[in-house]
Amino acid sequence: MIRGWRGKEGYSTAAASVKPGEGPDRLFQLTMLRALLLPPRSRDVFVLTEVHGYTLPEVAKVLGISKDDVKKHLRRALREMESI
């Protein structure tokens, strides 16, 4: 899950330690900008799971791919997000 973000429920207190001017909104914006650099399918999986809180089977059904493919794309997205 995105650090400082709690999906449908809003922001967690983890983002409270961020410097002034870099609050939860800024953290979310930066994460979304990083997500734009991902390949399209990996980006879709990342946004559905990490931002919207869908489960892996739900994402598989929505995107019309297997649960194993969802896992593969999520691992790829998380790895690439760390390296950006």
Problem - Any chance residue 27 is open to solvent by 80 Å² or more (accessible area, probe 1.4 Å), assigned to a helix (DSSP H, G or I) and either among the polar types (S, T, N, Q) or at pLDDT below 90 (or both) - result: no
Considering segment 30-71, residues that are surrounded by 14 or more Cβ atoms within 10 Å (Cβ to Cβ) and acidic (Asp, Glu), and then whichever is farthest from residue 84 (Cα to Cα), we arrive at 58
Filter pass, residue 56 being of a type in the set (A, V, I, L, M) and modelled with pLDDT of 95 or more: yes
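The values are calculated or read from the model by the stated rules, or taken from the named source; none is laboratory data. Every value quoted in this text rests on a predicted model; they were computed, and no experiment measured them. Counting neighbours? That spans all protein chains shown, and the Cβs are built from the backbone with ideal geometry, glycine included. What goes into the accessible areas is simple: the full protein's heavy atoms, side chains included, and nothing from ligands, DNA or RNA. Shrake-Rupley method; radii C 1.70, N 1.55, O 1.52, S 1.80 Å.
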